[in-house]
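Presented below is the structure to which this report refers.
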Amino acid sequence: MLDILMSRNNAGRLMMTMPDGQIHEGIVPVRAFPVNAPNGCLALMSADGKELLWVEDPAELPEDVRILVQEEISTRELMPEIHRIVSVSTFSTPSTWSVETDRGPTQFVLKGEEDIRRLVGSTLIVTDSHGLRFLLRDMLALDKNSKKILDRFL
């Protein structure tokens with residue numbers, strides 16, 4: 001278990017005390033692989049972007065530190081996961097997509113097919129007209145109607 005202490009200062013920013021007693025303010029946790037391994041390796045970065053601590057396994061962190069790190073990550077990372085494509089306004093772009101995500105139903109505008117990016121395997125990132133990214137973890141696991149719609153854009 002890593003021997004570090006973490007708390008929030010009066011402004012709500014993370015503070016970390018290293019084993020040698022050195023205190024760092026404005027800590028920013030950054031996941032190494034936020035899509036492919038969201039619970040894997042992460043770095044604890046200083047306010048000026050320098051890596052202070054590399055954490056191979058977040059389970060090594062003390063529970064109170066792990067909770068603070070997870071809270072901080074969740075406030076910075078927003079990537080809703082698409083579970084179902086309900087409909088699209090047109091099969092050409094730009095088109096308005098109605099989808100169901102892990103954060104509820106929503107609509108967004110897809111400017112072009114190039115805004116659907118393949119990652120590893122059957123994982124996709126879909127970027128809307130405002131730059132918000134949606135994760136489609138496994139396009140092969142979609143229902144039949146969603147697959148049919150998606151195939152028209154790939």
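Nothing in this text is a laboratory measurement; each read-out follows from the coordinates by a stated rule. All of these numbers come straight from a predicted model, not from anything done at the bench. Every residue, glycine as well, gets a Cβ built from its backbone with ideal geometry; the counts of neighbours run over all protein chains shown.
Between residue 57 and residue 11, what's the calculated FRET efficiency when r is the beta-carbon distance and R0 is 25 Å? Round to 0.05. Calculated transfer efficiency: 0.25. Checking every one of the chymotrypsin sites (Phe, Trp or Tyr not before Pro) in the stretch 46-129 against DSSP loop status and a limit of 10 other Cβ atoms within 10 Å picks out 91. Applying 1/(1 + (r/R0)^6) with R0 = 25 Å to the Cβ-Cβ distance of residue 25 and residue 132 gives a FRET efficiency near 0.25. Extension gain, residue 93-residue 141: 0.36 nm per intervening residue step, less the Cα-Cα distance, totals 14.8 nm. In this Cβ point-charge picture (+1 for Lys and Arg, -1 for Asp and Glu), the chain has a dipole of about 840 debye about its Cα centre. One decimal place: the segment residue 3-residue 18 gains 4.7 nm when fully extended, by the rule 0.36 nm per residue minus the C-alpha distance. With the convex hull constructed from alpha-carbon coordinates only, the stretch 26-94 shows a mean projected area of 7.0 nm² over all directions. Take the chain and mark each of the GluC sites (Glu not before Pro) that is in a DSSP loop with at most 16 other Cβ atoms within 10 Å; the longest unmarked stretch, sites excluded, is 78-154. In summary, the chain shows an alpha-carbon radius of gyration equal to 1.29 times the 2.2 N^0.38 Å reference for compact globular proteins. Each Lys or Arg adds one and each Asp or Glu takes one away; over the other residues whose Cβ falls under 15 Å from the Cβ of residue 48, this sums to 0. On a 0 to 90° scale, report how tilted helix 63-76 is relative to the longest principal axis of the chain, with both axes built from alpha carbons and the result rounded to the nearest 10. Helix 63-76 and the main axis of the chain meet at about 40 degrees. Using the Cα coordinates of the stretch 58-147, the gyration tensor eigenvalues translate into equivalent-ellipsoid semi-axes of 30, 14, 12 Å, sorted from longest to shortest.
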